[in-house]
Amino acid sequence: MNWNNVLVFLLGFFSCTLFVFSINSSNLEIPFGTGFVVSNYLEKAPSDWLGEEDILILDDRVILKLEGATLSSYIDSGSMNPTLDENANGIRVVPKSEKDIEVGDIISYRFAGMLIVHRVIEKGVDDDGVYFIVKGDNNLIGDGKIRFEDIEYVTVALIY
């Protein structure tokens, strides 16, 4: 082991940590991590559907200004843990077009009569048009190409 490399890493890691905490004078929360990927669990975060102006926090309730939203619940299949399990409540919307869906989004699509909930890991175009490759966060391989007409919902919020 090259101790110089370890020392440089630790110096950079702690310097960055101190810098981030020193500039954070607001109420922003900082996800803490080393930058090392432990698993392929999350390649990109979902796209933003709600701005701060769309979220009203009152003393006795939270109001989300989101047209056409419905509530979703899940079974614990393990494929989307720890993001989704039977204790999570999802808020979902029906996407209007392929442009509404981005890499990182969690979608629900119909396959063999079942409603499957997985994350979009790739978006592309082939001879048949726009396609999406989706995968459970804990799955090793993707589900193959999914077309927009098979997608029923985009999950835009999770409540635990």
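The values are calculated or read from the model by the stated rules, or taken from the named source; none is laboratory data. Predicted, not measured: the structure shown is a model, and the values here were computed from it. Every residue, glycine as well, gets a Cβ built from its backbone with ideal geometry; the counts of neighbours run over all protein chains shown.
A few notes on this one:
- Pick from the range 122-140, criterion of a type outside the set (D, E, K, R) and under 15 Å from Lys44 (Cα atoms), ranking: surrounded by the fewest Cβ atoms within 10 Å (Cβ to Cβ): Asn138
Matching residues to (1) over 23 Å from Glu52 (Cβ atoms); (2) of a type in the set (A, V, I, L, M, F, W, C); (3) touching a helix residue (DSSP H, G or I) at 6+ places or on another chain (Cβ under 6 Å):
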{"residue": "Pro82", "(1), (2), (3)": "yes, no, no"}
{"residue": "Met114", "(1), (2), (3)": "yes, yes, no"}
{"residue": "Arg119", "(1), (2), (3)": "yes, no, no"}
{"residue": "Asp126", "(1), (2), (3)": "yes, no, no"}
{"residue": "Tyr131", "(1), (2), (3)": "yes, no, no"}
{"residue": "Leu140", "(1), (2), (3)": "yes, yes, no"}
{"residue": "Arg147", "(1), (2), (3)": "yes, no, no"}
{"residue": "Thr155", "(1), (2), (3)": "no, no, no"}
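- Of the set (1) touching a residue at least 40 places away in the same chain (Cβ under 8 Å); (2) in contact with a strand residue (DSSP E or B) (Cβ under 7 Å, 6 or more places away or on another chain), all apply to Asn81 but (2).
- The set of residues in the range 76-99 being within 14 Å of the chain's Cα centre (by Cα) and either surrounded by 17 or more Cβ atoms within 10 Å (Cβ to Cβ) or farther than 17 Å from Ala157 by Cβ (or both) consists of Ser79, Met80, Asn81, Thr83, Leu84, Ala88, Gly90, Ile91, Arg92.
- Some residue of the range 106-114 being part of a loop (DSSP other than H, G, I, E, B), under 16 Å from the mean Cα position of the chain (by Cα) and at pLDDT 90 or above: no
- Conditions (1) crowded, with 17+ Cβ neighbours inside 10 Å; (2) over 13 Å from Glu152 (Cα atoms); number of the one not met by Ser108: (2)
- Taken residue by residue, the range 141-150 has at least one member that is touching a residue at least 40 places away in the same chain (Cβ under 8 Å) and either farther than 18 Å from Ser47 by Cα or surrounded by fewer than 11 Cβ atoms within 10 Å (Cβ to Cβ) (or both).
- Members of the range 85-119 that are out of contact with any His (no Cβ under 8 Å at 6 or more places or on another chain) and among the hydrophobic types (A, V, I, L, M, F, W, C): Ala88, Ile91, Val93, Val94, Ile101, Val103, Phe111, Ala112, Met114, Leu115, Ile116, Val117
- Residue count for the range 98-110 under the criterion of being within 14 Å of Tyr131 (Cβ to Cβ) and in contact with a helix residue (DSSP H, G or I) (Cβ under 8 Å, 6 or more places away or on another chain): the result is 3.
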